[in-house]
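The structure under discussion is supplied below as structure tokens; questions concerning it will follow.
The values are calculated or read from the model by the stated rules, or taken from the named source; none is laboratory data. What you see is a predicted model; the values in this text were computed from it and never measured. Glycine also receives a Cβ, built like all others from the backbone with ideal geometry; neighbour counts cover every protein chain displayed.
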Amino acid sequence: MPRARNRWERATQVLRWCEANWPIGRSVSIRWVPRIVEDGEEFDADTGRDGRRIIITLSERLNRSWRETADSVIHEYVHSLQWPVAGPTEDALDDHPVEFWAKYGEIKNQFMYHGGHADAAEFDRE
Ligand SMILES: [Zn+2]
């Protein structure tokens, strides 16, 4: 089992686990930055798009533990999953409608109580 050695590797494993179970059909990648600050407010994570590619940005400052990191990846993954291909390329993700939390709850439940955290350790770390 290719055990993650740190939160950076763990983030990638959780992302690959999400993709295997809830495929998007588009490339999703993770990028880490020291902090995410927008209009004076600090965020733990963000999702953006570059053409058809989806990029999840994670704050090193606000994702210190594996648990925080996994939670952020799952949260941003739901945004990625629910972002329509033909939709706007920016500012589509300010909202968290009920459908967002339904999908988040489904993935989180699988991750926490149905072996997802262990399954994620089977995925590539890079
Ligand atoms: Zn969100």
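Can you pull out every residue in region 48-85 that is β-branched (Val, Ile, Thr) and either within 20 Å of residue 6 (Cβ to Cβ) or surrounded by fewer than 19 Cβ atoms within 10 Å (Cβ to Cβ) (or both)?
Of everything in region 48-85, those that are β-branched (Val, Ile, Thr) and either within 20 Å of residue 6 (Cβ to Cβ) or surrounded by fewer than 19 Cβ atoms within 10 Å (Cβ to Cβ) (or both) turn out to be 55, 56, 57, 69, 73, 74, 85.
Right, something else. If I filter region 99-109 for residues that are of a type in the set (A, V, I, L, M, F, W, C), more than 13 Å from the ligand (Cβ to nearest atom) and modelled with pLDDT of 95 or more, do I get at least one hit?
Within region 99-109, one or more residues are of a type in the set (A, V, I, L, M, F, W, C), more than 13 Å from the ligand (Cβ to nearest atom) and modelled with pLDDT of 95 or more.
Among all residue pairs at least 6 apart or on different chains, which show Cβ distances below 8 Å where the first residue, located in region 65-80, is within 10 Å of the ligand (Cβ to nearest atom) and the second is among the aromatic types (Phe, Trp, Tyr)?
The qualifying pairs are 75/104; 78/100; 78/104; 79/100.
Quick check: is even one residue across region 19-26 surrounded by 10 or more Cβ atoms within 10 Å (Cβ to Cβ) and at pLDDT below 95?
Yes, there is a match, as at least one residue in region 19-26 is surrounded by 10 or more Cβ atoms within 10 Å (Cβ to Cβ) and at pLDDT below 95.
Also, quick follow-up: Being surrounded by 13 or more Cβ atoms within 10 Å (Cβ to Cβ) and within 14 Å of the ligand (Cβ to nearest atom) is the filter here; which residues of region 29-47 pass it?
Across region 29-47, the qualifying residues are 36, 43, 44, 45, 46, 47.
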